[in-house]
Amino acid sequence: MATMVRSRLAPGRAPVWALGAALPLVLLAVAVACGGGGDEEATPEQQLTGMVLQISDLPAGFSVVQEGFSTNEEVAGQGEDAAEVLARLTEWGRILSRGVVFEASAESGVLLVDSTVSLYERDSGAAASFTDAVDTARATDWQANAGGATNVAVEEVPPLDAADEMLWLRITGTAQIGDPPSEKPFIQDVVLMRVGRGRGSVSIVSSAIDAAPLVESLVRAQAANMAAGL
C-alpha cells in the first residue's frame, strides 16, 4: 500500500514515499482537467473520473490502491501557509482534483503508477498552476528528498507532442525494493502536463530499463484521456 504526504508540486495529490515493504522514492503528481460534452453538462466529479488513467490503460496485474477527490480547502490544509495556498488556488480558478494510484501485483517492470487531474475555470489558470509546478520540480533537491535512496540523478527527457505543455523528469538511483527488501536500481518518470484548462501528471516507478515503452504508452494514454474530456 502506498503512503501519501502533501506536495506543493501537486495540488490535491502528493509524493508516494513507500511501496510494499520499502521504496523510499519521491513519487510526485500533479493534476489535469477536462471540459464537458453531450446534452447534459457533466459534473466536475464525472469529468475528473474519466480524465485520470483507467485500469484498462494498464497491462494485466495492476490494481487500484488509492483514489479520491480533493477540494481546494483540503489541498491548502491547516498549516501556517494554508491561507496563502488557498488564495493562490482560488486565483488560478482551481475547481477540484482527482487522483488514483495503481500498484503492480505481477512482474511487469513498472511497480507503481500515480495519475492525477485537476480542473480549472480557464486555460490561464491551468497554465499558471503548471508553471508553478514546473518551477518547484526544477528547484527540488531530489537527493535530499529521496529518503534512503542513493546515487540519485535527475535528467529532463524531451517532452512528447501530446499536450499543450509538458515537463518530463527521469529520476534514477538505487533503493530498498521488495518484500523482503533488497537494494535494486529504480527509475521514476515524473511527467507534468497541461491540456487546455487542466493540468495533470503521471508518475511512474519502474525497476527495469525495458519498461520504457510501457512508460511512454501510459503518458500518451493520460494525455489522450485529458484531450478526450475537453
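Here, each number is a calculation from the coordinates, and none is a lab measurement. This is a predicted model, so every value here is computed, not measured. Every residue, glycine as well, gets a Cβ built from its backbone with ideal geometry; the counts of neighbours run over all protein chains shown.
State the answer as a single residue: which of Gly147, Leu86, Ser105 lies farthest towards the positive end of the charge dipole of region 44-228, with beta carbon charges of +1 for Lys and Arg and -1 for Asp and Glu, about the Cα centre.
Selected residue: Ser105.
Beyond 23 Å, what share of the Cα-Cα pairs of region 109-215 is found? Please give it as a whole percent.
Value for region 109-215 (Cα pairs over 23 Å): 32 percent.
So how strong a dipole does region 159-230 carry about its Cα centre when Lys and Arg Cβ are +1 and Asp and Glu Cβ are -1, to the nearest 20 debye?
Dipole about the Cα centre, nearest 20: 240 debye.
Give the calculated FRET efficiency between Asp123 and Ser182 to the nearest 0.05, with a Förster radius of 35 Å applied to their Cβ-Cβ distance.
According to the calculation, E is roughly 0.15.
Just rank Asp164, Asp135, fewest to most, by other beta-carbon atoms within 10 angstrom.
Asp135, Asp164
Could you give me the ³J(HN,Hα) list for region 218-223, computed from phi with Karplus coefficients 6.51, -1.76, 1.60 and θ = phi - 60°, whole Hz, x at Gly and Pro?
Karplus-based 3J(HN,Hα) across region 218-223 equals 6, 4, 5, 5, 4, 4 Hz.
Calculate the FRET efficiency for Glu40 and Ala106 from the Cβ-Cβ distance with a Förster distance of 41 Å, rounded to the nearest 0.05. Could the numbers behind the result be given before it?
Numbers: r = 40 Å, r/R0 = 0.96.
In this case the efficiency is close to 0.55.
Can you list which of the GluC sites (Glu not before Pro) found in region 48-131 are DSSP loop residues with at most 13 other C-beta atoms within 10 Å?
Glu80, Glu107, Glu121
Under a point-charge model restricted to the Cβ atoms of Lys and Arg (+1) and Asp and Glu (-1), what is the dipole moment magnitude of region 44-228 relative to its Cα centre, in debye to the nearest 20?
Working: 11 positive and 27 negative charges, 59 e Å.
That gives region 44-228 a dipole magnitude of about 280 debye.
About its Cα centre, how strong a charge dipole does region 94-156 have in debye, to the nearest 20, once Lys and Arg get +1 and Asp and Glu get -1 at the Cβ? Spell out each step's value before the answer.
On the way: 4 positive and 10 negative charges, 47 e Å.
Here region 94-156 has a charge dipole of around 220 debye.
Taking every alpha carbon pair in region 84-168, what does the distance histogram look like in 10 angstrom bins from 0, in percent?
13, 33, 39, 14, 1
Binning at 10 angstrom from zero up to the longest distance, how are the C-alpha pair distances of region 112-151 distributed in percent?
Going from the shortest bin to the longest, the percentages are 23, 35, 31, 11, 1.
Using a cut-off of 9 Å between beta-carbons, work out the net charge of the residues near Gln176 (Lys and Arg +1, Asp and Glu -1, Gln176 not included).
Computed value for this residue: 0.
Rounded, prolate or oblate: which fits region 126-189, taking a ≥ b ≥ c as square roots of the Cα gyration tensor eigenvalues, rounded meaning a/c under 1.5, else prolate when a/b beats b/c?
prolate
Given axes a ≥ b ≥ c from the Cα gyration tensor, I'd like to know whether region 44-228 is rounded (a/c under 1.5), prolate (a/b larger than b/c) or oblate.
prolate
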